[in-house]
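The values are calculated or read from the model by the stated rules, or taken from the named source; none is laboratory data. Source: prediction; values computed, not measured. Cβ atoms come from the backbone with ideal geometry, glycine included; neighbour counts cover every protein chain shown. We work out accessible area using only protein heavy atoms, side chains counted, and drop any ligands, DNA or RNA first. Shrake-Rupley method; radii C 1.70, N 1.55, O 1.52, S 1.80 Å.
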Amino acid sequence: MERQTEFPFIAAPVPLNPVETRLHPAVWVEKLAVYKGLPVGGANRLRVITLRRGMNILWAEPGAQRARGEPRARVSGHATGKTTFCRLIRYILGEPSFGSETFRAGFRKKFDQGWVFGEVWVDRRRWLVGRPLGIGPQGFAVKNGRIEDLEGLSTMPRDALSEYRKAIESAVLGDLRQKELPATGELFEWDMLLQWMARDQESRFGGLLNWRHTSSDSRSMELQEAAKENVVRLSLGLASDTEQGLMRDFSLAAAKHKTAIGKRSNLEYQIRTEITRLANLLKIEISDESPLPEEAVRQKISELEREAERVKQRIDQDETIQRLRNEQNSAVEAMNSAHTRWTDAKETAEALQEEIDVAEGNKKEAERAHKKRDWMPFRNHCSQPLTDEVRRECRYARLRKPDDALDAELETLRNETNPLKLEKAYRDRDVMRFYRELEACKAEAERLKQELETAESPYEPDQKRAAQLTDTATTARIHLQNLTGALQQREDNERAIVECAQSKAEIDRKLEAEKAQHGARMRDFSNLFEFVVRELLGSDVTAGVNFSGKTIQPYVNYHGRLDSAALETVRLLAFDIASLTEGYIRDAARLPRLLIHDSPREADLSVDIYHSLFRLMERLETEAGDVPPFQYIITTTEPPPDGLRQSPWLLEPVLRTTNPESRLLGVDL
């Protein structure tokens, strides 16, 4: 280090050196290498970048001024690979995707067999991690490996990434007893924390919990806002097991309360609809604002049913109609009996004909059976034609009966069909007789039907009236049942709304009491946040973090609250850096002590504030000791402060847009 920076004196609220158990980052990246294909070697190498513990600056230097004082190109310093660098690190750390869909397609079009390798330290042990940039191969992770071990290899190791992921989970979250997020019931995983520690550049540092943007296509798991708040609290050690349980209970009560509130409007609509239908059906007044006159409604329905019954009785009491109905019922029974007799006789005749056809060999099955008889005189013996076997002097063929004897036997078999034919003739006569009887019964039933319709025709208006009354009464009963059910559901739902609100209030009270018990931890973090903000904005401001109930609200004051877009970015950056620092100055936090900020200057920060960010990180390095217990990676187009535009902070190479070789991957995609 060529210089020692003099920091303006802003006293830290606590010593900034690491505690004994946090002398090393839980996770940090020492080397990143990108190859366009295999084998691993210089010919296929696109870029190798070596990083360190502490601050790492990847600078995309703006291009030189044009001739005659013309300004630089507007894209100067952009499109050099800063975000790609961050995405590749995230990919090596386990994220599912290494870039947007457009970037992946562009890279694969040029290099369809690319690989990225990383040397990642997890709990003080080096892992060699390789992940494909093309489609097909699987990634791998090897303990104690180095990228140089792969030199010349065309086939990659087969060690699965799963052990590597488990090692990260153990290093960062291993001692966390309660890993279930109260808000959603999901298990706290490394991917959730990585989203916070390496925000999407596309999110523009626009919100404390705005970690992933859809356009980045990171394929990270989607998290609700409440789940993200849980992740932050658990990571900072600001939620006890009791508080987590209370937050889980609150989440369940809130979900139930929300469901009940949403159900209220549906029930009100259903009640209004059923009341309207009943009122229209029964021609009575029913108000949805007063108690349901259920007894009056039931009485009206009963009146309709009694009226329908009286109309039916007038029809049923006609003697002619009664006689014709009885006669028609008898005719229908006779017709059914005749149909049964006819079908039984027909089936019997068909069965006899089947036996006759088989015996006479008139069916293919019978023909085959007779032919087989000619060929096979003995069971279980060969089926060769006998004429051939006699010629060959087969001893079995000589035992066969003479042909005339066999012909006589076949003739006898055919003669046995005569009784079957006689029986078949009798059954055919029965079929015709029963058919004539069936037709006569049908004609009689039809005649009586016509007479009954003629007799009932004067009563047709009464029949329609009775049917309408019955239908109205039946429909009204259904609507009444629906209405009483909906009213009961509304009563139960309103009771649930009150109970849920009371439950939420009680849980909130307990949460506040629990928060008061570990309020010192929250105050300590709030003071650390204020220190970071004052390092960035100056000693005239005050700041803090409100952990109110289930929300996290960082704030900055300077003669009142400051809420501009740039200061929103300052709040966000300060919160991240305070969290990074919290991770090593106290052992309650569960953080990797790794933080990546991709181009925060593009979020409308002034140069002075932006440079203060670098100075702050330098101070944290200095006060932490000889070997920083954290890794901070920042990409920037804005030049870093003069004293930091050099080793060991500045990564090689400095990126430029002046030619393809000066971009991250050394090519235009």
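Each Lys or Arg adds one and each Asp or Glu subtracts one; over the other residues with Cβ under 14 Å from the Cβ of Lys312, this totals -3. The separation of segment 141-207 from segment 231-309, counted between C-alpha centres, amounts to 46 Å.
Computed 3J(HN,Hα) for segment 122-137, one whole-Hz value per residue from the Karplus formula 6.51 cos²θ - 1.76 cosθ + 1.60 where θ = phi - 60°, is 10, 6, 6, 10, 7, 10, 8, 10, x, 9, x, 9, x, 9, x, x, glycine and proline marked x.
Give me D for segment 80-145 in µm² s⁻¹, whole number, from Stokes-Einstein with Rh from the Kirkwood sum over alpha-carbon pairs, 20 °C and 1.002 mPa s. Value of D from the Cα-based Kirkwood radius: 172 µm²/s.
Which percent of the accessible heavy-atom area of segment 109-265 goes to carbon and sulfur, probe 1.4 angstrom?
46 percent
Each residue was assigned an accessible area with a 1.4 Å probe, and for His257 the value is about 40 Å². With the simple spin-label model, which puts each label point 7 Å out from Cα in the Cβ direction, the Arg436 to Glu347 separation comes to 2.5 nm. Computed with every protein chain present, the accessible area of Met221 is close to 60 Å² [probe 1.4 Å]. With a Förster radius of 51 Å, plug the Cβ-Cβ distance of Val607 and Arg272 into 1/(1 + (r/R0)^6) and report the FRET value to the nearest 0.05. Taking R0 as 51 Å, the efficiency between Val607 and Arg272 is 0.20. A DSSP coil position with no more than 15 other Cβ atoms inside 10 Å describes the following trypsin sites (Lys or Arg not before Pro) in segment 86-138: Arg124.
May I ask which of Lys179/Lys504; Lys300/Lys449; Lys82/Lys179; Lys256/Lys283; Lys228/Lys256; Lys166/Lys504 have a Cα-Cα span longer than 29 Å here? Over 29 Å apart, Cα to Cα: Lys300/Lys449; Lys82/Lys179; Lys256/Lys283; Lys166/Lys504. Given R0 = 41 Å, the distance between the Cβ atoms of Val358 and Glu451 translates into a calculated FRET efficiency of 0.20.
A Förster radius of 60 Å, combined with the Cβ-Cβ distance separating Thr417 from Thr475, puts the computed FRET efficiency at roughly 0.35.
Placing +1 at every Lys and Arg Cβ and -1 at every Asp and Glu Cβ, with all other atoms neutral, what dipole size does segment 470-620 have around its Cα centre, in debye to the nearest 20?
Magnitude of the dipole: close to 360 debye.
Along the Cα-to-C-beta direction of Ala443, a point sits 7 Å from the Cα; which residues of segment 322-345 have their amide N less than 17 Å from that point? Once the point is set 7 Å along Cα→Cβ of Ala443, 331-332, 334-336, 338-339 turn out to lie under 17 Å by backbone N, inside segment 322-345.
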